[in-house]
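K.L.:
Quick one: the structure is below, and I'll ask about it shortly.
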Amino acid sequence: MTGILSLMLAVPLVAALACLFVSASGARWIALAGTLIDFALGIVLWANYDIGGAQWQFVEYAPVFSRFAWALGIDGIALMLIMLSVFLMPICIVASWTSIEKRVPEYMAAFLLMETLMIGVFMAQDIFLFYIFFEAGLIPMFLIIGIWGGANRIYASYKFFLYTLVGSLLMLVAMLWMVNFAGTTSIPKLLATDFPAQAQTWLWLAFFASFAVKMPMWPVHTWLPDAHVQAPTAGSVILAGVLLKLGGYGFVRFSLPMFPEASNEFFWLVMGLSMVAIVYTSLVALVQNDMKKLIAYSSVAHMAFVTIGIFAFNRQGLEGALIVMLSHGLVSGALFLCVGVIYDRLHTREIDRYGGLANNMPAYAVLFLLFTMASVGLPGTGGFVGEFLSLIGSYRASSLVGAVATTGIILGAAYMLYLYWRVAYGTSRNPDAAAMPDLNARELVSLGAIAAVVLWMGIYPESFLAPMRNDVGLLMARVERAAPSGDAHLAKSSNVPAASAAHETAAEGAHH
Amino acid sequence: MQIQLLVFLPLLAAIVAGLGNRFIGNFAAKLVTTGALFASCALAWPIFIAFLAGAAEPGVYPVLSWIHSGDLNVDWSLRVDALTAVMLVVVTTVSALVHLYSWGYMAEDPSQPRFFAYLSLFTFAMLMLVTADNLVQMFFGWEGVGLASYLLIGFWYHKPSANAAAMKAFVVNRVGDFGFSLGIFAAFLVFGTVSIPEILAAAPSFGGSTIGFLGLRIDTLTLICILLFIGAMGKSAQLGLHTWLPDAMEGPTPVSALIHAATMVTAGVFMVCRLSPLFEQSQTALTVVTFVGAATAIFAATVGTVQNDIKRVIAYSTCSQLGYMFFAAGVGAYGAAMFHLFTHAFFKALLFLGAGSVIHAMHHEQDMRFYGGLRKHIPLTFTAMTLGTLAITGVGIIQVAGLPSFGFAGFFSKDAIIESAFASGTTAGGIAFVIAIVAALLTSFYSWRLVFLTFFGTPRWIQSEHIQHALHDHGHHHDDPAAEDAGHDTRPHETPAHAVKEGTGGYHPHESPWSMLVPLGVLSLGAVFAGIVFHEAFIGVEGGEHFWRGSIAFDEHLAHAIHEVPLWVKLAPGVVMIAGFLIAWFAYIRDTSIPGRFTAQWGVLYRFFYNKWYFDEAYNVLFVRPSVALGRIFWKKGDEATIDRFGPNGAAALVKGGNVLTGRLQSGYLYTYALVMLLGLAAAATWAMAR
């Protein structure tokens, strides 16, 4: 199986180049074929992934020059995120089939290039290779928003750029320092390096600057609503579905295992920002009139479940965060597709222009409801499994964080159901909205496929948890070993005894 | 295999009817769902009877693994014991009858397959809830019934009021779920498991320990119980989180009978009973349960006395009866709580379906002020409603001088609760007892008021807009699909003079079709006999122990003590029941000017009750409007005026010294970005080669 990772990177790249030399319809078919082949390769990759085997599998190594190397390899966490990317890509191509009319070959090429760069992020085992993929992946996104976006696209992509720029510069400096200190660019080796505690503090902050923007965390989230609003539908799907996961992946891959002491030190910074994000952005989502803005704000709130889970320093939190990343990728992607479906018909994102769609678009109403419920975290959908685990993990770390974050389930229900009510229920306010046809075959297949996976993840999440279990275990072992004060610190600042502490208290109680 | 079929048949039927109705048609969709429910019901009764006979063993049937994360292990499985068996018969019986009833009630509705699919989906979720072996699966069922309830309340989704009610139900329930979730988290933190039997087994060893919560130190088990109880309060519409239930009457009446009376709203009571060994460990939590239950019982009863909408009266009655069940659990009489849940399911479903039959006959008029004199026109419905009223008010004769007692269902279950509260001997129990007696008086009053206003007196139909519609606008298609009622279309256009005088307007109410009358008949049997047949098994001193076999914390001593209470305690519920009847009779039959004079004299009190103690208004001011206002402030003042102003917009202004120049930066940003990235990489390369 050696070489499959390079192959997966090469297929979209070759397809992207091919797209540039053909007609619009040719480009569409090439893009679809390219992404489908990559999806098929992804399935092969998953099928051949040895759960419980070596930590890094499908490893490839080829020196380029000096210390730079073409080093690829994946663990279970990367595998799942690669699967998410290659699954969403063909759906994005299908969603752009008729809605993109200008410069189709370039558009398809940009998407395919982005696919290569995104999955490259998850595959890279060399820190500079990671950096290239991580930063270059944003360029096609700038283009997609800046060229094929809405009326205010320049401002949106400028904002996106400005936020990212500051973060990535700091991260690069930190990376240079780390490589200098450890004498290696290999990520597995860096993962085994213990950085001095003082250095960790500012290294952590430098990485945090980059990842927090990508997540995005409050208060560096304001680029996201604008970017979503201006991006074409498929751009929003990838932005919410995959690009937002890069920040979470960065935290899991770098911040937590490489700087455990610093992660511990900044526990309340992360938790505080996340708690604010959940309450603040949920309330903002409640008063939005633009569908995409509403879902964008809900994404910020959902990504806060990821950060509280990751920095809870326990298995439930971390596994929950990873499942939230996967399920949010699917669900928010699907919600943006749902917006796209009606945007294509009426060319407005204004919620008040719709209403009563359950009448003329019953199939759409059913699927939209399913994704709404998944976003709300209804048990039986993937959203629940992730949120539940990450909340239980955060409660374990601090009851305050657990309690504040859990208010998200109330607020989430409020803004999502209010959205659904205004769009699907009620009487139609406009004759043109009432005349919109139901889903066509393309839309039905795309949304139906995502719905199936969302339910699968909700009913039998073991398929998704099993490949990541070992890697989470290794991460936990590393965090616990490097930060033995972590638990005590958390217990002290939150007054919540861990399970063992509670047992002791009970034992004392029994003695009396 | 039996239990798997029982639980999953309704799900299968829901999927077939919901997704496949375009291919199989309305009739097949209805047949599949109704058939599946009758099959489930036929499977449930033998299980229940086996437990009654002591011939069945409790068991857990694994289905599929679910969430495994470290020491957290959650699986899909079906637990069957006596407590589950009771719920299985209640859920499947009422659901099957409601399915059948809906053939008639929803006959004119254009989206019947959707309705039946939702009903079956609800039943599946409820069955998952009652068969849960761990807290997380219980939460799955909990949220599943919440979803079904949301969909069914908002079934007529073109009505803004229905949508608002549906959303309110879901969000208010989510407030309860917030507590439930934290309860699960805390239980997992303490016990290291979410399995219900393991938690119940381990609970006693944690008595007296404390745990930190939000910076406080609280008794561990009290905290867990109260958090979980907040969930129960939401689902069972207890005071504070009750506001969604009356509004839920926006849903079609069969839904009100099934979900908002007989089954879903009792889930909270079921949860407390299921976890009764845990609650037994915390006297504080039990006291809270008692007070919340008692407060709800009296609150809802006061509101119920002054409502005019027939369904709202029954809704507040449900709320009040749920309060009875809770304080029964609070004083430790779990058997009595479950018994009342069981009997209440029959007579309250009967009352709701009876009300549906009245509404059906009265062309969707729900205001009792426009009823009157209906007993001659719809005698079967009248009989059923009367039997239901006799059951809820607790008519019966107590055991005197060796003669066996006889009574309607509520007589056995409600009186057992009232006596348990007295016999418990605690202060909370004593207060609950007094409140329960007063609430019983009100229950009797509002129940008979409903009967008298609807079935007795002179017809007042002509003032009803719905009846006017029926008389003048026949053939005209209403917006409300359910209101397109066949059978009323051959009506004279001009109202004869004598009809106006009579108040009928010439309108002729029709008795409902057999599909609606059969469920009324079956439930009437339940309302009459459920008490006398099953009271020994549920609350008998020996029978109870024998039947429950540890599935609830059955208190033999309390079961015994209720037979030892003074005679006046035994007689009190009967006395207030008769008093309530007499007051209602005086006010609504003998001298119908009394209510008007009363409201004129006690206007403040009347308005306070009529406006439901102003809970909705208060919540609006306290929660809804501040949330929206905060959302706007955060958005406009926070995101736009602060973060963006000093963030990206400010940066652009700072760097380029003015807005004119930002355009140039904006158009060139991509090159800048690529340049910065390349410079960075060049630095990296330089470093790599320099070493």
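K.L.:
Just the Cα atoms of the protein assembly as shown, one point each, no solvent: what log10 I(q)/I(0) does Debye give at q = 0.06, 0.08 Å⁻¹?
P.N.:
Taking Cα atoms of the protein assembly as shown as identical point scatterers yields -0.53, -0.89.
K.L.:
Dipole of region B:353-441 (Lys/Arg Cβ +1, Asp/Glu Cβ -1, origin at the Cα centre): which of B:Leu441, B:Gly354, B:Leu380 lies farthest to the positive side?
P.N.:
Of B:Leu441, B:Gly354, B:Leu380, it is B:Leu380.
K.L.:
Quick check: convex hull of the Cα atoms in region A:286-482, volume per residue, rounded to a whole Å³? Present the calculation step by step, with values, prior to reporting the outcome.
P.N.:
Numbers: hull volume 20.3 nm³, N = 197.
Value for region A:286-482: 103 Å³ per residue.
K.L.:
Quick one: net charge of B:Thr426's neighbours, Cβ under 15 Å, K/R +1, D/E -1? Don't skip to the end; give the middle numbers.
P.N.:
Values: positive: none; negative: B:Glu280, B:Glu419, B:Asp555.
Charge balance in the 15 Å sphere: -3.
K.L.:
Within region A:229-250, what residues put their amide N at less than 14 Å from the label point 7 Å along the Cα-to-Cβ vector of A:Lys102?
P.N.:
A:232
K.L.:
Once region A:6-123 is represented by equal point scatterers at the alpha-carbon sites, with solvent omitted, what log10 I(q)/I(0) does the Debye formula produce at q = 0.15 Å⁻¹?
P.N.:
-0.67
K.L.:
Quick one: Cα centre-to-centre distance for region B:338-355 and region B:320-337, in angstrom?
P.N.:
16
K.L.:
Mind running the shape call on region A:366-479? Use the C-alpha gyration tensor, a ≥ b ≥ c as the square roots of the eigenvalues: rounded below 1.5 for a/c, prolate if a/b tops b/c, oblate otherwise.
P.N.:
On the way: a/c = 4.16, a/b = 1.69, b/c = 2.46.
Oblate is the answer for region A:366-479, as a/c is 1.5 or above yet b/c matches or exceeds a/b.
K.L.:
Counting pairs of alpha carbon atoms under 8 Å apart in space and at least six apart in sequence, what relative contact order in percent does region A:286-482 give? Write out the running numbers ahead of the final one.
P.N.:
Numbers: 292 pairs, mean separation 62.8, N = 197.
The normalised contact order for region A:286-482 reaches 32 percent.
K.L.:
I'd like the FRET efficiency for A:Ala199 and A:Ile51, computed as 1/(1 + (r/R0)^6) with the beta carbon distance as r and R0 of 45 Å, rounded to 0.05. Please list the in-between numbers first.
P.N.:
Numbers: r = 35 Å, r/R0 = 0.79.
It comes to 0.80.
K.L.:
Indicate the helices, whole DSSP H runs only, in chain A that combine a mean Kyte-Doolittle hydropathy of 1.0 or more with a Cα extent along their long axis of 24 angstrom or more.
P.N.:
Numbers: long enough: A:24-48 (36 Å, 1.22); A:76-95 (29 Å, 2.67); A:104-123 (28 Å, 1.51); A:153-182 (42 Å, 1.33); A:197-214 (25 Å, 0.83); A:267-286 (29 Å, 2.09); A:291-310 (29 Å, 1.14); A:315-346 (46 Å, 1.11); A:399-424 (37 Å, 1.35); A:441-459 (26 Å, 1.66); A:462-482 (30 Å, 0.07).
Span-like helices, by this rule, are A:24-48, A:76-95, A:104-123, A:153-182, A:267-286, A:291-310, A:315-346, A:399-424, A:441-459.
K.L.:
Sticking with the crude label model, points 7 Å out along Cα→Cβ, report the distance from B:His68 to B:Phe23 in nm, one decimal please.
P.N.:
3.5
K.L.:
Sticking with this one: Per DSSP H run of n ≥ 4, the term is -39500 (n - 2.57); total these for chain A, divide by its residue number, and report the mean residue ellipticity at 222 nm rounded to 500 deg cm²/dmol. Provide the component values of the computation, followed by the final result.
P.N.:
Details: 25 runs with 382 residues, N = 512.
Theoretical 222 nm ellipticity from helices: -24500 deg cm²/dmol.
K.L.:
Taking a spot 7 Å from the Cα of B:Glu545 along the direction of its beta carbon, which residues of region B:325-348 have an amide N less than 20 Å from it?
P.N.:
In region B:325-348, the label zone of B:Glu545 (backbone N under 20 Å from the point 7 Å along Cα→Cβ) covers B:332-339.
K.L.:
Further, regarding this structure: Can you sort A:Lys293, B:Lys348 so the residue with the fewest Cβ neighbours within 10 Å comes first? Don't skip to the end; give the middle numbers.
P.N.:
On the way: A:Lys293 20, B:Lys348 30.
Listed from fewest to most nearby Cβ atoms, that is A:Lys293, B:Lys348.
K.L.:
How much length would be gained if the chain were fully extended between B:Ala50 and B:Glu502, taking 0.36 nm per residue of separation minus their Cα-Cα distance, in nm to one decimal?
P.N.:
157.2 nm
K.L.:
Additional query: Would you work out the relative contact order for chain A, in percent, from Cα pairs under 8 angstrom that are 6 or more residues apart? Each step should come with its number before you reach the end.
P.N.:
Values: 856 pairs, mean separation 74.2, N = 512.
Taking the mean separation of contacting Cα pairs over the length of chain A, I get 14 percent.
K.L.:
What ranking do B:Phe581, B:Phe327 get, fewest neighbouring Cβ atoms within 10 angstrom at the top? Kindly include the intermediate steps, with their values, before the conclusion.
P.N.:
Numbers: B:Phe581 21, B:Phe327 32.
Final ranking by Cβ density, sparse to dense: B:Phe581, B:Phe327.
K.L.:
Listed here are the pairs A:Lys214/B:Lys636; A:Lys245/B:Lys636; A:Lys214/A:Lys245; B:Lys235/B:Lys414; A:Lys293/B:Lys637; which of them are more than 19 Å apart at the Cα?
P.N.:
Numbers: A:Lys214/B:Lys636 23 Å; A:Lys245/B:Lys636 27 Å; A:Lys214/A:Lys245 8 Å; B:Lys235/B:Lys414 21 Å; A:Lys293/B:Lys637 17 Å.
Distance filter (> 19 Å) returns A:Lys214/B:Lys636; A:Lys245/B:Lys636; B:Lys235/B:Lys414.
K.L.:
With a point put 7 Å past each Cα toward its Cβ, work out how far A:Asp352 is from B:Leu12 in nm, to one decimal.
P.N.:
Output for this residue pair reads 5.0 nm.
K.L.:
Can you compute the label reach from A:Thr2? Point 7 Å from Cα along the Cβ direction, backbone N cut-off under 13 Å, restricted to region A:31-67.
P.N.:
Residues A:58-63 fall inside that zone.
K.L.:
Follow-up. Taking each pair of distinct Cα atoms in region B:2-610 once, what is the resulting Kirkwood hydrodynamic radius in Å? Before the final figure, lay out the partial values.
P.N.:
Working: mean 1/r = 0.0410 Å⁻¹.
Computed over Cα pairs of region B:2-610, the Kirkwood hydrodynamic radius comes out at 24.4 Å.
K.L.:
Any idea what the relative contact order of chain B is, in percent, if you count C-alpha pairs under 8 Å spaced at least 6 apart?
P.N.:
Values: 1163 pairs, mean separation 88.4, N = 691.
Once divided by the residue count of chain B, the mean separation gives 13 percent.
K.L.:
Another question about this same structure. With each run of n ≥ 4 DSSP H residues scored as -39500 (n - 2.57), what mean residue ellipticity at 222 nm is computed for chain B after dividing by its residue count and rounding to the nearest 500 deg cm²/dmol? Please list the in-between numbers first.
P.N.:
Numbers: 29 runs with 462 residues, N = 691.
Result for chain B: -22000 deg cm²/dmol, rounded to the nearest 500.
K.L.:
Just grab the label-to-label distance for B:Trp514 and A:Val14, each label 7 Å out from Cα along the Cβ direction, in nm (one decimal).
P.N.:
7.2
K.L.:
Further question: Mind sorting B:Phe213, B:Phe352 by how few other Cβ atoms lie within 10 Å of their own Cβ, fewest first?
P.N.:
B:Phe213, B:Phe352
Every read-out reported here was derived from the displayed coordinates using simple, explicitly stated rules and does not represent laboratory data. Every value quoted in this text rests on a predicted model; they were computed, and no experiment measured them. FYI the Cβ positions are ideal-geometry reconstructions off the backbone, even for glycines, and counts take in every protein chain you see.
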